[in-house]
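Scroll down for the structure; my scribbles are underneath it.
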Amino acid sequence: AQSVTQLDSQVPVFEEAPVELRCNYSSSVSVYLFWYVQYPNQGLQLLLKYLSGSTLVKSINGFEAEFNKSQTSFHLRKPSVHISDTAEYFCAVKRIGVAAGNKLTFGGGTRVLVKP
Amino acid sequence: GAVVSQHPSRVICKSGTSVKIECRSLDFQATTMFWYRQFPKQSLMLMATSNEGSKATYEQGVEKDKFLINHASLTLSTLTVTSAHPEDSSFYICSARSRTGNEQYFGPGTRLTVT
C-alpha cells in the first residue's frame, strides 16, 4: 500500500511572498505524482503532475514541483503568491502499472491562506 | 477537454429518503469512475471504483447496500444514498478516467445535507 503525508495542514502567507507545500510519500512500487487544487465548495482541479522525464514540472500559473526519488518527496512551490491562490492543495500518488489499478491516494491537504 | 459534471450541486433531503447523484463525462468516454467523500476540512476518501458495465468495487468500510453505484454507460455513473441519515451529510465528488489516460478528472462535487 502507499501513503501520502502533507506535513503542513495550514500555511498562511503574505501576498507576493513565496510558498512551499511539502509532500512525502511511501510506496513499495513506482508511482505517478499529482498536485490538485480545490477552491471552496468546488471539486479538484489538476495543478500539475509527474509521470516521467524531467523531475521538475511546472504549471501555467506559476507553480512548480520537483520529484525527488531518494527523499520520496514532491514538494510544491510558487515564488510569488496571489490572493487568488487561497485554496486547499492536495498531493496524490498513483501506482504505476496495469495491475496496480487506477486508485489515487491523497494526502491530508494543505490549506493556503494568502493575506494582503 | 476532459470535463466532468455532477448533478445536483447541492441537495437537502429528509432523513430516511434516498438521493441520487449523477456524474457525467462530457467530452470523453469514462471507462472508470470513482466516488469520493469529503468531510469538512479533510481529505478525500475513496468510496468505490466503478467500471462501465460491471459492479462497483467498494473500499473497506463502505456499505455497498447504502451507497448504490451504477455505471451503465461510458459517460454516466450514479451514486444513490439510500435511507439517508444526518451522518451521511457530506461533500461527494466523482472523478472519471478514460481507457488510456493516467489521470482522473474531477467533477465539481455535490453537497448533501440530510435533515
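Counting neighbouring beta carbons within 10 Å and listing from fewest to most, the residues A:85, A:8 come out as A:8, A:85. Where does the charge balance sit around residue A:22 when Lys and Arg score +1, Asp and Glu -1, over other residues with C-beta under 12 Å from its C-beta? Its environment carries a net charge of -2.
With K and R counted +1 and D and E -1, the other residues having a Cβ less than 10 Å from that of residue A:75 yield a net charge of -1.
Of the cross-linked pairs A:78/A:103; A:94/B:64; B:14/B:55; A:115/B:41; B:20/B:41, those separated by over 21 Å at the C-alpha level are A:78/A:103; A:94/B:64; B:14/B:55; B:20/B:41.
Rg/Rh, computed from the Cα trace of the stretch A:40-113 with Rh as the Kirkwood radius, has the value 0.97. According to the Cα-based calculation, Rg over Rh for chain B is 0.95, with Rh computed by the Kirkwood formula. The residues B:44, A:7, when put in order of fewest to most other Cβ atoms within 10 Å, stand as A:7, B:44.
Neighbour counts of other Cβ atoms within 10 Å put A:95, B:10, A:111 in the fewest-to-most order B:10, A:111, A:95.
Counting only Cα atoms, the protein assembly as shown measures 49, 42, 32 Å along its principal axes, largest extent leading.
Bear in mind these aren't lab numbers, they're just calculated from the coordinates by the rules spelled out. Computed from a predicted structure; not experimentally measured. As a convention, Cβ positions derive from the backbone with ideal geometry for all residues, glycine included, and neighbour counts pool all protein chains shown.
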